[in-house]
């Protein structure tokens, strides 16, 4: 939370992503209440309907669940579920554009693979 | 008429302010009159003041309609409520002035209250005429906005001129008696004429106001 | 809190011989924040004025909750149009002191919230003893905003509320607006030129161009179907055949266009193109600017200008 919103992606997707990031960073713990739609709307100066859409997206993917009358809570196992889903989406989110650009620059398959292999330690920070 | 009570409330507030303004003008007139005339003639004073106030009411009406359409209509006062609220306010002002005049007559002048009541229909008629004229001019201004500035300037000029004329003219003994006689003898006709002006001016104003738009 | 809609049908407004609004149909629902976007002279103020009975319509109807709004206190009690105060004139409402202006508002608006007005006056550091005509442009905007918020009207309209406000004040206004909206569910319709800042607030956006509604749509849905395509000119043209294309930009062999997709459409694959999202401001320039000349295929040409992707324009 508290990141700036960008123009690159739909706002509700960014809201969902930011909440997921916070779950991964232990800013939001499992079984803890997440900020309400109105609180998020005020925080980001966006329309509450947009904030609601972001939250509902996470409810649909099982990351959040609703406790009637109280609010939205982080589901247990959400952290692992998010990691797993992002793992599965890793290719589409990151790799496919890398491959496209590599193709455009005529970087060969073996060149690309050795590039990754040589720099693996250097590239990854403390997770 | 829903919303009329709010209009009446607001215009009572405004009436208070304008009555205070009228008193200031009357006092200023009185002082000027004392200064300029040789031997203050208390009989003449009310007539002079009345003329001044009649003209003041006309000018005030024009300004009033100009202000009100851009002020209270954006606050969702219906044009009907604005119209009736304004007439009510004018009545309040005129009524208060009459009461004060009556008091003055009774306490200060020779003709006293009796004389005042004989004059009253004429006074009321003149007030009705000035309210009606003010409404008519207000309506003209609403319809032909730019004329407003010209009309107001002209009338202010006339007011200033008559004010000056009154101060000097009425200091001469006799003119006041002429006017007083004229007013008392033709009181009923003056009243009727005044009411006719009020009705026609008011109707035109009502029609124009009813279609008016809020402009910048 | 009423749950009525403000609906106008075939609203036409003429000033003398000049027709400003050409048959507007609009439906405004409760509990929404709408953005009204359009060029100067598109007719935004005229539209707001006629919707709120501050100006008479030339023809057409405007109703709130089924009741005509013209001279109807029952309908007007739920409406507030806080107009921009004109800094150029010294007469009229501008000759009043701020406190007298607010006092008048408090008498006429039936749901006026005095505490909110007082709090806002304090927060914005408004000098209430000053005459309105003597205020700075920013302070005049503050007065407009205070009237709108404290009126507590179910349908509140603001015409360029942030004109003259600095960045910090604008931010404060957006937050105040959101706070009020989330608490009360009032409908706000805001016309603004500072589009980029405000687009996140608008659940729905209305484009008014040359006196016509160009589109009225959920902001997010609208932005999802707008794409900025750029690359080699022939590739751009090939990839966008059959699509509604606006605002072509050319330089040498490169070309860029703004595309508005209808439901089910997409950019053709197989071309090396950059596609970028479009924000509301860029979209407005693309659709309403002087270079907006567009090609919309005949199959999509049933109403003038733009159709909304699959949903009705109302």
At the level of C-alpha centres, the distance separating segment C:1-78 and segment A:22-48, in angstrom, is 38 Å
Taking each residue of C:210-220 in turn, how many C-beta atoms of other protein chains fall within 10 Å of its C-beta, and what is the average?
1
To the nearest 500 deg cm²/dmol, what mean residue ellipticity at 222 nm is calculated for chain C from DSSP H runs of n ≥ 4 alone, each contributing -39,500 (n - 2.57), summed and divided by the residues?
-8000 deg cm²/dmol
So for chain C: antiparallel DSSP bridges make up what percent, rounded to the nearest 5?
70 percent
Shielding of A:44-54 by other chains, given as the mean Cβ count within 10 Å, works out to 5
Rounded to whole Å, sorted largest first: equivalent-ellipsoid semi-axes of chain A, Cα gyration tensor:
34, 17, 12
What residue among C:285, C:167, C:245 has the largest mean-square fluctuation in a Gaussian network model of chain C, using Cα springs under 10 Å?
C:167
Choice from B:113, B:14, B:31 with maximal GNM fluctuation in chain B (Cα, 10 Å cutoff)
B:31
Determine the relative contact order of chain C: mean sequence separation of Cα pairs under 8 Å and six or more apart, normalised by residue count, in whole percent.
18 percent
Considering the Cα positions of the protein assembly as shown, please state its Rg to one decimal place and its Dmax as a whole number of Å.
33.8, 122
What number, rounded to the nearest 500 deg cm²/dmol, is the helix-based mean residue ellipticity at 222 nm of chain B, given -39500 (n - 2.57) per DSSP H run of at least four residues and division by all its residues?
-30000 deg cm²/dmol
Place a point 7 Å from Cα of residue C:9 in the direction of its Cβ. Which residues in segment C:194-232 have their backbone N less than 18 Å from it?
none
Based solely on its DSSP helices, what 222 nm [θ] is calculated for chain A when runs of n ≥ 4 H residues each add -39,500 (n - 2.57) and the sum is averaged over all residues, nearest 500 deg cm²/dmol?
-17000 deg cm²/dmol
Diffusion coefficient in µm²/s returned for segment C:226-300 by Stokes-Einstein, Kirkwood Rh over C-alpha pairs, 37 °C and 0.692 mPa s, is 267 µm²/s
Residue by residue through C:142-149, how many Cβ atoms from other chains fall within 10 Å of the Cβ on average?
0
P(r) over all Cα-Cα pairs of segment B:4-210, 10 Å bins from 0 to the longest distance, whole percent per bin, short to long, reads 9, 33, 36, 17, 5, 0
Mind checking the angle between helix C:167-184 and chain C's longest principal axis? C-alpha axes, 0 to 90 degrees, to the nearest 10.
80 degrees
Taking 60 Å as R0, compute the FRET efficiency from the Cβ-Cβ separation of residue B:27 and residue C:61 and round it to 0.05.
0.65
So for segment B:4-210, averaging the separation of alpha carbon pairs under 8 Å that are six or more residues apart and normalising by length, what relative contact order in percent results?
35 percent
Can you check how the C-alpha radius of gyration of segment A:55-125 compares to 2.2 N^0.38 Å, as a plain ratio?
1.67
Would you please calculate the Kirkwood hydrodynamic radius of chain C over all C-alpha pairs and express it in Å, rounded to one decimal?
21.0 Å
Cβ neighbours within 10 Å, averaged per peptide: list A:28-34, C:141-147, C:266-272, C:42-48 in order, most packed at the top.
C:141-147, C:42-48, A:28-34, C:266-272
Mind pulling the angle between the C-alpha long axis of helix B:175-185 and the longest principal axis of chain B? Nearest 10 degrees, somewhere in 0 to 90.
60 degrees
On Cα atoms only, tilt of B:79-108 relative to the major axis of chain B in degrees
10 degrees
Please report, largest first and rounded to whole Å, the three semi-axes of the ellipsoid equivalent to segment A:11-81, where each semi-axis is the square root of five times an eigenvalue of the C-alpha gyration tensor.
18, 13, 11
Among DSSP beta bridges lying fully in the protein assembly as shown, give the percent that are antiparallel, nearest 5.
75 percent
Considering chain A as a Gaussian network with a 10 Å cut-off on Cα pairs, which listed residue, A:97, A:76, A:108, attains the greatest mean-square fluctuation?
A:108
What is the distance in Å between the Cα centres of segment C:207-249 and segment C:137-190?
31 Å
Length-normalised contact order of segment B:1-92, Cα under 8 Å, at least 6 apart, in percent, tallies to 60 percent
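No value in this document is a laboratory result; all are computed from the given coordinates. Note that the coordinates shown come from a computational prediction; the quantities given were computed from them, not determined experimentally. Cβ: placed from backbone, ideal geometry, glycine included. Neighbour counts: every protein chain shown.
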